[in-house]
Each structure stands twice: as C-alpha cells, then as structure tokens.
Amino acid sequence: MKCQHFGLCGGCELDLAYEKQLESKLKQTQQEFSSLFSSNGFSSANLSVHNSVEWGFRARAEFRFYTEQNRIHFAMSNREKNHRTPITQCPILLPIIQKAMPLVIESLEADETLRTKVYACNFLANIESQEIIISLIYHKRLDSIWEQKAQNMRDRLHTALNATAHIIGRAKNQKILVGDFDYDSCVRESLRLFADSKQKQNYTFFKQESSFSQPNPFINTKMLEFVITHLKALYPQPDNDMLELYCGGGNFSIALSGVFRQILATEVVKSAISLLQQNMEQNFCENITPVRLNALETQVALSGEREFFRLRGIDIKRFSFDCVLIDPPRSGVNELKILHFLQQFNTIVYVSCKPHTLLQDLQTLIQSHNILHFGLFDQFPHTHHRECIVILRQK
Ligand SMILES: C[S@@+](CC[C@H](N)C(=O)[O-])C[C@H]1O[C@@H](n2cnc3c(N)ncnc32)[C@H](O)[C@@H]1O
C-alpha cells in the first residue's frame, strides 16, 4: 500500500493489487445479485465493470485538526476506535488537494488568528486540479482581522499552487467567502465526455462546497457516458421526456439534456435546485424544469393526488414521460408507493451508492421490468464501496 497511514486512518480498507480489488468487487456483486439476475433472465456475464484511476481521484475531503506539542495536524478517525490519527499525506486525493495540505498547515502554524479554535477543514477541487476551495471551520466568531489573514493565506496558496484558490471561513451562523468565486461557494469543472470519439461532449459544471457532488470525477465521467450511451440507444431522437428524482445540482440532468425533449428534475434541497439553475444557465439548457420536491412529493404531484404551490406556473400535463432516472442516497428508495410509481415508466435508470438497498428496491422493480444493463463503477478504490447503475425496461 502506497499510504503510510493505511490501517491507522479509517479511510482505505483494501490492501490488494488494484485488479484484485476490482475482481473481488465484481465477484461479490455477482453473488449478491445472482438469484435476482436469474429470476430476471439477466446474465451476470453482462455485468460491466468500470475502473477508476487508482490514486489521486478524490475531489472532496473532510479532515479534523489535531494538536500535539503545539503542532497542528490533519486528523482522521480510526474505524474501530475513537482515536484520531494525524495525517500528513493522502494519496487518494486529487493532486491539488495533496499539494495544498502542507501549505494549509504551514499557514495555520504561522498565524495565531487563523489557527485559534479551528477544528476542521474541508477541501473541494475540480478534476483539472486548477481550482480549490479550502473551508476552515471554527469554534469562534470570525472578524475582519480573520478575514484579512485569510485573504493573505489565499494569496499565498494561489501563488504556491499556481491555481485558483478560495477560502471559506465557517463558524456558528457565519460563513465568510474569501476568493473570486464565479458562483457562490463553487468550483468550476470542465467535463469532457467521450473525449476520444467523434461524439465529444464538453461542458462546464459547478460543484458547490455545501452540496452533494460526485466524489470521484473520473468515475463520474464514466457513469455519465454509460447512461448517455445506453439511453441514446433507446432514444435516438430527443422526442421523449425524462423525469429525474434526487437530481442534486444536475449532474445527470445537464449531461442528458441533449437526449430528451424535456426533463423535469426534482430534489429536496433548495440550494441544490439553485445550483442546477446556475448549471442550466451556464450551459444554455432550456429544456430542464427544476422543482424542489422530495421523491414522495414528486409521486404525489404527478399522480394528481395533491397540488403543490412549488409547481405553480408549471404545466405538468405538457410532459410525456417515458424514462425516469433516480439517484437516491444510501437508504435507497425504500418506499413502496414510490417504487410502484417508478414502475409506470418504460425505462428506469437507477444509480445506486449502496448495493444492499439497490437489491431490495430491484425486488419490486423487476416484477414489471427487465434488466438491460448493469454497470459496476469503482467510485472509491481501496474501500469496499461499490457504485452501480442499472437500466431497466418495461416487460
Ligand atoms: C446521491 S445524491 C445524487 C445527486 C446527483 N444525482 C448527482 O449525481 O450529483 C442524492 C441527492 O438526493 C437528495 N435527496 C435526499 N433525500 C431525498 C428525498 N427524499 N427526495 C428527494 N431528494 C432527496 C440529496 O439532497 C442529494 O442531492
């Protein structure tokens, strides 16, 4: 293992050659889903596996600080014990985050205002390693002196990293932005899909410090390509409409806007909906309608069970949905009413970060649908985590 903190920090778990890790994830998935596959007539040999870059892939990181003999360190908790391990490097992070880590420590050690009562630090960077947000979180009120010091720190980081650096100071009921953000608390990422082919799809996507964003941008590119490729085969012309639940800032919505005539994208978090609106504007996507509704509310609204003020001005009847895409949190859909609603669509795309809940939800969905494609994506090498995308079609 390349990392000196392996076994002490609670992050990585697998100390195996990368090919062996993929093999074992594939085997485990085939075993767990074998009876579901056979009852649905899907051959597990058709399960596709998508590898990640092995190191330098993670665009988000969260650390605590740990002070020992007047020296400040990044820290991670050990999985079993409630013990903080000092971290000096982390090779799974994007190169710009790895480069920024010792510079952050240097800045804190050199300045008492920045160092006092700081207890955590989050990083968010873009795939190109050209832009980074460093969030410093405090147990104290931040004042103008802190802001000036943070500005100096940002200028130093900017030069040392040869990249755009921003600092966010957070404390109770307080958030101070230090940097020239293009959009509130966001980094700008250039997505290059199908880079080696004629159907290149390049666009810009904003990722926000406080909202969900895909942690491994290399795997995210592969996930988007997988979904676009298979949906384009089902929908060669943009004549159909798609409903999306759990859309976040529009990672899938923006990528799929060329495949569909219209997309209705729903999500529970208000700031994620604003982020999606910003991403639509940035990419001139006029065929996406974002609405803040949770998954159950979406089902209730579209089934005509109740009217929502949040849907005022939106003519639901103008949509003719054929496809639904869902990307729920780890708990899955886990609601029979929503699963039955999903069964009304010809195509279901299920993006899952937890095979266990995916398996549970699929038990219902395969009663009406056949599995066409099943992709396993290695979002987090060196851990047991498995990300799956399943595309189902009505029987
Ligand atoms: C795994 S993220 C996926 C986001 C997006 N598809 C992406 O790729 O970035 C799950 C999203 O579901 C949202 N969410 C969580 N519970 C929800 C619910 N009950 N109804 C709707 N959205 C929900 C979260 O806010 C989050 O944005």
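Only one of the numbered conditions (1) within 13 Å of the ligand (Cβ to nearest atom); (2) at pLDDT below 95 is violated by K317, and that is (1). Looking at the structure I just gave you, is N216 under 30 Å from L136 (Cβ atoms) and either within 10 Å of the ligand (Cβ to nearest atom) or hydrophobic (A, V, I, L, M, F, W, C) (or both)? Taking the combined requirement at face value, the residue does not satisfy it.
Being more than 20 Å from T298 (Cβ to Cβ) and within 16 Å of the ligand (Cβ to nearest atom) is a property that K337 lacks. Scanning the range 367-395 for residues that are among the charged types (D, E, K, R) and assigned to a strand (DSSP E or B) gives E387, R393.
The number of residues in the range 3-31 being surrounded by 15 or more Cβ atoms within 10 Å (Cβ to Cβ), part of a helix (DSSP H, G or I) and of a type outside the set (K, R) comes to 6.
For E225, the stated conditions hold: it is of a type in the set (D, E) and closer than 20 Å to F377 by Cα.
Would you mind stating whether E62 is under 30 Å from N126 (Cα atoms) and assigned to a strand (DSSP E or B)? Criteria met by E62. On the basis of being surrounded by fewer than 18 Cβ atoms within 10 Å (Cβ to Cβ), assigned to a strand (DSSP E or B) and touching a Phe, Trp or Tyr at 6+ places or on another chain (Cβ under 8 Å), does R188 make the cut? Spelling it out, R188 is indeed surrounded by fewer than 18 Cβ atoms within 10 Å (Cβ to Cβ), assigned to a strand (DSSP E or B) and touching a Phe, Trp or Tyr at 6+ places or on another chain (Cβ under 8 Å).
Taking the criterion of being more than 11 Å from the chain's Cα centre (by Cα) and within 19 Å of H50 (Cβ to Cβ), the residues of the range 201-220 that qualify are Q201, F218.
Given the conditions (1) outside any helix (DSSP H, G or I); (2) hydroxyl-bearing (S, T, Y); (3) more than 14 Å from the ligand (Cβ to nearest atom), report the number of the one that T364 does not fulfil. Single failed check for T364: (1). Taken over the range 172-183, the criterion of being in a loop (DSSP other than H, G, I, E, B), in contact with a Ser or Thr (Cβ under 8 Å, 6 or more places away or on another chain) and at negative phi is satisfied by D180 alone.
Name the residue that is farthest from T229 (Cα to Cα), counting only residues in the range 45-78 that are surrounded by 16 or more Cβ atoms within 10 Å (Cβ to Cβ) and among the hydroxyl-bearing types (S, T, Y). By that ranking, first place goes to Y66. Please go through the range 320-334 and pick out each residue that is assigned to a loop (DSSP other than H, G, I, E, B) and either within 14 Å of the ligand (Cβ to nearest atom) or crowded, with 18+ Cβ neighbours inside 10 Å (or both). Matches in the range 320-334: D327, P328, P329, R330, S331, G332, V333, N334. Listed by position, the helices (runs of 4 or more DSSP H) inside the range 243-314 whose residues that are in contact (Cβ under 8 Å) with a residue 40 or more places away in the chain and either near the ligand (Cβ under 8 Å from one of its atoms) or among the β-branched types (V, I, T) (or both) number at least 3 are 251-256, 295-302. Taking each residue of the range 209-221 that is under 13 Å from L93 (Cβ atoms) and looking for partners that are within 11 Å of the ligand (Cβ to nearest atom) with beta-carbon atoms closer than 6 Å, six or more apart or interchain, yields N216/Q379. Here V118 does not qualify as in contact (Cβ under 8 Å) with a residue 12 or more places away in the chain, within 30 Å of Q367 (Cβ to Cβ) and touching a Leu at 6+ places or on another chain (Cβ under 7 Å).
The values are calculated or read from the model by the stated rules, or taken from the named source; none is laboratory data. Bear in mind that the values here come from a model prediction, so they are computed numbers and not experimental data. Here the Cβ is made from the backbone with ideal geometry for all residues, glycine too, and neighbour counts use every protein chain on show.
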